[in-house]
1. How do 98-109, 61-72 rank on mean C-beta neighbours within 10 Å, highest first?
2. Can you give the net charge of the other residues whose Cβ lies under 10 Å from the Cβ of residue 51, counting K and R as +1 and D and E as -1?
3. Please list, in order along region 6-22, the HN-Hα scalar couplings obtained from phi with the Karplus expression 6.51 cos²θ - 1.76 cosθ + 1.60 (θ = phi - 60°), rounded to whole Hz, x for Gly and Pro.
4. Got a sec to turn the phi values of region 152-167 into Karplus ³J(HN,Hα) couplings, 6.51 cos²θ - 1.76 cosθ + 1.60 with θ = phi - 60°, whole Hz, x for Gly and Pro?
5. Hey, with R₀ at 25 Å, roughly what FRET efficiency would residue 8 and residue 171 work out to, going by the Cβ-Cβ distance, to 0.05?
6. Read phi for every residue in region 87-99 and hand back ³J(HN,Hα) as whole Hz from Karplus 6.51 cos²θ - 1.76 cosθ + 1.60, θ = phi - 60°, with x for Gly and Pro.
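What follows is calculated from the coordinates using simple rules that are stated; it is not laboratory data. Predicted model only: the values in this text are computed from it and were never measured. So basically every Cβ, Gly included, is an ideal-geometry build from the backbone, and we count neighbours across all protein chains shown.
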Amino acid sequence: MDDPIPLSALQHFVFCPRQYALIHIEQVWTENEQTARGRGQHERAHGGGSEERDGVRTLRALPLVSREHGLFGVADVVELLPDGSPRPVEYKSGRAKSRLADEVQLCAQALCLEEMFSGSIPGGYIYHVASRKRREVTFTPELRAAVLAARDGIRELLRSRRLPEPAADDRCQLCSLYDECEPFAPRDFPAGYDPFETRPIP
């Protein structure tokens with residue numbers, strides 16, 4: 001039986017499979033201003049406890065698990081509506097911007113909550129701290145499928161122990177592992193080599 005996948009790993013994998021492998025397989029991690037700010041925001045959100053306002057109960061640092069889908073993690077915030085149904089809220093340090101990686105992570109939280117609360121969850125929210133904007137995300141069939149595709153992609157990487165090639169695109173400028181990854185370093189590939197193939201992890 002496959003080990004469960006951390007929710008944070010899904011976000012890393014969808015953003016960049018190589019970033020996921022460096023962090024979760026090779027145990028490489030460095031911090032830049034953006035990740036430090038995000039860590040601080042998550043530490044505050046993960047302070048635990050609960051509160052209630054206008055009939056909505058707010059739970060912080062709620063442990064999540066889905067045995068059906070093989071996922072686990074901790075939600076920044078889960079809001080319980082007056083009817084008792086949950087809505088996940090993920091905190092992000094940057095300004096409001098739609099990113100599939102963030103939406104997959106949020107939807108994965110919903111899959112866990114649906115199993116834990118025995119009910120369907122139509123959507124959740126991403127709170128962008130820098131712009132103080134809360135963006136609603138609808139959990140469409142396509143987004144749910146993207147969660148499971150990312151989970152399966154991670155499992156395949158764990159089985160193969162192979163490091164994907166760098167993305168070498170605009171994502172790299174946002175990555176704290178830029179120096180460790182060296183995405184734009186010259187590479188001498190043999191004839192017929194496909195740069196989108198993977199290579200063994202040392």
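1. Details: 98-109: 22.3, 61-72: 16.8.
For the peptides 98-109, 61-72, the packing ranking is 98-109, 61-72.
2. Numbers: positive: 53, 57, 60; negative: 52.
Here the charged neighbours net out to +2.
3. My calculation for region 6-22 gives x, 4, 5, 5, 4, 4, 5, 5, 5, 4, 6, x, 5, 4, 4, 5, 5 Hz in order.
4. 5, x, 5, 4, 5, 4, 5, 6, 7, 6, 10, 8, x, 5, x, 5
5. Details: r = 17 Å, r/R0 = 0.68.
That gives a FRET efficiency of 0.90.
6. 9, x, 10, 9, 8, 10, 6, x, 7, 4, 7, 6, 9
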